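Presented below is the structure to which this report refers.
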Amino acid sequence: MKKIFFISILILIFYFNSLSQEIRIDAIDKPLNEILIEVRNNYNLNLSFNDSELSQYQITLHKTFSSPGSAFQHLLNDLPIAFKKSGKVYLFFPKPKNVKSYRLSGKVIDTENMESLPFSHVLINGSGQITDEFGNFNFRSEKDSIFNLKISYLGYQIQDTILKPGLNHKINLKSASISLNEVVIKSNPLISTEQTGSEAGLMRINHKIALLIPGNGDNSVFNILRLQPGILAAGEQSSELIIWGSYEGQSQVSFDKMTLFGLKNYNDNISAVNPYIAKDIRIHKGGFDATLGERIGGIVDITGIEGNKNNPGLNFNLNNMTMNILAETPLGNRMSIVGAYRQTYYNLYSQEDIQLVESTQSHFADNGIITNPDYQFRDGNLKLSGQTSNGDSYYVSSFWGQDQFFYSVEQSHNNSILTQELKEQNQQYGISALYNKLWKGKGSSEISIAYSSLQTNKKDMQNSSEVMMNHNMHSQDANIQNDISELKAIVSGNLRLKQRHKIEFGIGLINNSTILKESLFDNITTNNIDQGSQILAYFQEQFSLNKKTNITAGVRSDYSVNLDKFFVQPRLNIVFKPTSKLQLNASWGIYNQFVMLSSIVDQYSNYSYLWRISDGNQIPVLSSQHTVIGGIYRQKGFSMSIEGFYKESSGITRILQSDAQTTLFEGKNKTKGIDFFIKQDYKGHSIWMSYSISQSLERFPFFQDNDYKSAIHDQRHEIKFSGILNLSPFFISANYVYGSGFLQNTSLISDETKRYPYKRIDISGIYRFSLKRMKLETGFSILNLLNHENIKFTDITQIPTDNDNTVNIYSEAVPFTPTIFLNFSF
């Protein structure tokens with residue numbers, strides 16, 4: 001018993017002695033692993049560590065420690081290395097990282113050409129978001145370390161994958177329409193021809209589907225736009241889009257950040273943006289968020305392609321109206337350049353067309369004369385784009401366009417001889433540069449600068465005289481030059497704070513300038529140069545109350561430098577998804593606009609439009625309030641949506657001209673309506689229908705009863721049908737548009753009820769085939785199959801024949817127009 005007690009005492013003494021064993025360390029700039037080896041050998045300790053990992057830490061130390069533990073604690077202070085004692089062994093290991101969240105970021109790209117896919121829909125562990133214009137996304141989670149992703153983009157196959165946390169992932173999507181030489185694939189190119197309902201007032205268009213729509217010609221971008229609800233098709237506007245009852249100049253078309261102020265293009269034959277260069281089209285009909293501004297109407301945001309980063313390519317389109325060519329090639333591994341050019345090579349309307357129109361019975365014959373315009377057009381694009389090694393994106397994009405619109409009339413009408421010669425020339429230029437910076441999965445920032453300019457020259461000669469008396473009743477020789485330019489620089493960013501919380505912010509400067517020169521019979525009557533600048537800033541938050549409800553709340557502020565005044569514009573957007581098939585949307589916001597197309601009305605009720613800048617006095621700032629509510633239901637290939645809107649606007653200007661004086665009036669506008677859309681896809685076939693019922697009213701002080709009356713562009717009903725039959729490699733399609741018509745006012749203060757309906761049926765057929773590496777398409781298209789006589793509602797001129805009567809000269813809309821085409825690419 002005494003021996004056992006004595007042995008126990010010795011063990012305890014040895015144990016406590018080992019705990020208090022003194023350790024001496026002397027080292028000058030010596031690696032940590034060598035220091036531990038010396039300690040192990042000198043003091044007979046058992047140590048376990050990663051020799052190569054600890055060799056990277058250099059230590060200088062001269063000190064004695066009371067125990068190995070205190071020595072190791074001092075050595076490892078401020079190093080990412082920890083230790084612990086397990087039995088008789090000291091274990092050294094990396095300190096565990098304090099993981100607060102898991103981050104995921106990536107880019108969605110086209111598998112074939114490495115083209116980024118902007119504004120793709122990404123669903124991550126049940127939480128949805130939209131990529132930026134370069135296809136970038138980022139995500140943060142405090143719980144999930146494995147991410148299930150479902151990515152979709154218009155016209156591409158859905159990608160469903162699982163990823164671990166990490167940065168700069170590449171998500172490749174394959175086109176839903178694939179052509180191979182030796183293997184027959186029955187694919188459905190009609191997947192997602194459009195996308196509605198993701199937000200209130202937002203619509204996305206797969207422009208590639210325009211190739212299958214009648215009137216594709218050079219694969220017109222706007223040809224498919226006109227078939228969507230809320231975008232006016234009747235009247236065939238020649239330079240401006242009318243969206244949800246907005247006036248001309250109140251909606252904006254933006255291409256690669258550059259504002260397109262409008263050419264005198266024919267939307268159904270030639271689009272203002274070359275379809276070969278367009279990649280993504282987003283239409284904000286109204287109620288858009290704080291990141292967008294500058295207009296109180298709608299916004300069409302078009303993103304251009306970046307060019308093939310894998311292989312050179314060539315696309316060529318030839319038809320009996322235009323030719324269009326695009327070439328692209330990679331410059332190294334991460335850079336590419338793309339260029340495009342197109343033009344008309346003969347007049348769109350031949351003399352035979354004019355004779356045919358004059359020989360037919362016109363339902364406008366009692367009121368006027370129909371003429372056929374001569375139209376010439378050309379434009380070009382050049383874009384350099386690339387990516388850095390860390391995923392940042394950049395581009396420099398440029399475009400130019402020229403057109404000429406002309407018609408001449410000399411005709412007897414009753415007892416008068418009428419002549420008119422109208423010539424309009426437009427030139428438009430633009431250049432933009434952008435750099436998008438990624439911040440390690442936390443978000444991104446962007447700096448962009450863009451300049452664009454439109455130069456318009458218009459000459460209008462009119463004359464009317466009596467045949468018997470040879471008495472001149474009316475003469476006019478007017479020349480107008482109206483130029484507008486815009487310089488815009490914006491710095492913006494977004495930051496994802498949590499899984500369901502994101503903030504967006506931006507600051508920038510916009511400068512506009514206009515030139516207005518008018519002369520009558522070579523006498524200068526107006527010579528104005530105006531400028532205006534705004535400093536803009538916006539901030540908005542996107543957050544989720546739960547898995548079914550998402551809210552975006554923000555505010556935009558514009559400080560007008562020339563007016564020395566702030567304009568605060570709050571915005572709110574709500575998305576509610578009660579089920580996976582049903583989604584409800586609502587939005588509200590206030591919007592301001594500082595440049596506008598002021599309408600000018602002469603004593604004969606002829607309308608013309610001039611770009612002006614708000615001066616706070618004669619030209620007020622446009623202001624509008626939007627309220628939008630709607631919903632969409634989707635199930636398999638069927639979708640149905642309904643969307644209602646109400647807009648109140650003020651600051652609308654109208655200038656009344658007479659021989660005695662010119663007076664400017666400020667008016668108000670109220671617009672309301674409902675859009676219906678139904679679409680069914682079945683085994684590769686597709687059919688859809690849209691119907692819009694709306695009312696656009698205006699009030700000006702010169703109205704006799706000071707009450708609201710129909711605006712010049714007010715159309716109550718418009719219905720559109722379209723269908724595509726997939727008999728691959730043959731495709732047959734047709735569409736029909738009916739509009740109830742516009743009021744043809746003969747007086748500024750009256751509200752006549754006579755309307756001329758708009759009707760048009762188009763058909764087309766396409767055959768696709770391949771020859772080795774070359775892909776070819778050929779086919780035909782017939783516009784206005786039944787040759788229904790329509791007019792362009794913005795191109796009506798009234799010429800007086802005597803003191804009481806006038807004759808209308810109408811510029812005819814697209815007549816019966818057959819076209820054949822050939823597309824090839826490799």
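Applying the criterion of being more than 30 Å from Gly166 (Cβ to Cβ) and small (Gly, Ala, Ser) to the residues of the range 414-443, the residue that is most open to solvent (accessible area, probe 1.4 Å) is Ala433. Counting only strands (runs of 3 or more DSSP E) that sit wholly inside the range 661-779, those with at least 3 residues that are within 24 Å of Glu789 (Cα to Cα) and out of contact with any Leu (no Cβ under 9 Å at 6 or more places or on another chain) are 685-699, 717-727. Got at least one residue in the range 740-754 being in contact with a Pro (Cβ under 8 Å, 6 or more places away or on another chain), of a type in the set (Lys, Arg) and either open to solvent by 70 Å² or more (accessible area, probe 1.4 Å) or within 20 Å of Leu232 (Cα to Cα) (or both)? No: the range 740-754 contains no residue that is in contact with a Pro (Cβ under 8 Å, 6 or more places away or on another chain), of a type in the set (Lys, Arg) and either open to solvent by 70 Å² or more (accessible area, probe 1.4 Å) or within 20 Å of Leu232 (Cα to Cα) (or both). With respect to (1) closer than 18 Å to Arg496 by Cα; (2) touching a helix residue (DSSP H, G or I) at 6+ places or on another chain (Cβ under 7 Å), the lone exception for Phe83 is condition (1). Please find, within the range 492-537, the residue that is nearest to Ile619 (Cα to Cα) out of those that are part of a strand (DSSP E or B), open to solvent by less than 80 Å² (accessible area, probe 1.4 Å) and basic (Lys, Arg). Residue satisfying both the conditions and the ranking: Lys502. Somewhere in the range 104-119, is a residue of a type in the set (A, V, I, L, M, F, W, C), closer than 30 Å to Ser52 by Cα and in contact with a Leu (Cβ under 8 Å, 6 or more places away or on another chain)? There is no residue in the range 104-119 that is of a type in the set (A, V, I, L, M, F, W, C), closer than 30 Å to Ser52 by Cα and in contact with a Leu (Cβ under 8 Å, 6 or more places away or on another chain). Can you find a residue that is more than 25 Å from the chain's Cα centre (by Cα), surrounded by 20 or more Cβ atoms within 10 Å (Cβ to Cβ) and at pLDDT 85 or above anywhere in the range 660-669? Yes: one or more hits. When you scan the range 759-768, do you find a residue that is over 28 Å from the mean Cα position of the chain (by Cα), among the aromatic types (Phe, Trp, Tyr), open to solvent by 70 Å² or more (accessible area, probe 1.4 Å) and at pLDDT 90 or above, even just one? Checked against the condition, which is being over 28 Å from the mean Cα position of the chain (by Cα), among the aromatic types (Phe, Trp, Tyr), open to solvent by 70 Å² or more (accessible area, probe 1.4 Å) and at pLDDT 90 or above, the range 759-768 yields at least one hit.
If you take the residues in the range 125-144 that are more than 14 Å from Gln542 (Cβ to Cβ) and not in a loop (DSSP other than H, G, I, E, B), which one is modelled with the lowest pLDDT? Across the range 125-144, the extreme among qualifying residues is Ser141. Count of the range 563-582 residues, restricted to those that are crowded, with 16+ Cβ neighbours inside 10 Å, more than 29 Å from Lys636 (Cβ to Cβ) and of a type outside the set (A, V, I, L, M), is 3.
Taking the listed residues Ser722, Ser694, the one that is open to solvent by 10 Å² or more (accessible area, probe 1.4 Å) and not hydrophobic (A, V, I, L, M, F, W, C) is Ser694, with no other qualifying.
Taking the residues in the range 112-141 that are on the phi > 0 side of the Ramachandran plot and over 17 Å from the mean Cα position of the chain (by Cα) as candidates, determine which candidate is surrounded by the most Cβ atoms within 10 Å (Cβ to Cβ). Checked the range 112-141; the qualifying residue surrounded by the most Cβ atoms within 10 Å (Cβ to Cβ) is Met114.
Once the range 388-409 is narrowed to residues that are polar (S, T, N, Q) and surrounded by fewer than 22 Cβ atoms within 10 Å (Cβ to Cβ), the residue that is farthest from Tyr345 (Cα to Cα) is Asn390. Among the residues of the range 86-120, those that are over 25 Å from Arg496 (Cβ atoms) and part of a strand (DSSP E or B) comprise Ser86, Val89, Tyr90, Leu91, Phe92, Phe93, Pro94. Scanning the range 444-456 for residues being open to solvent by 60 Å² or more (accessible area, probe 1.4 Å) and over 30 Å from Pro165 (Cα atoms) gives a total of 3.
The values are calculated or read from the model by the stated rules, or taken from the named source; none is laboratory data. No experiment lies behind these values; they were computed from the predicted model shown. Because the Cβ atoms are built from the backbone with ideal geometry, glycine has one as well, and the counts that use them run over all protein chains shown. Surface areas here come from the heavy atoms of the whole protein model, side chains and all, with no ligands, DNA or RNA. Shrake-Rupley method; radii C 1.70, N 1.55, O 1.52, S 1.80 Å.
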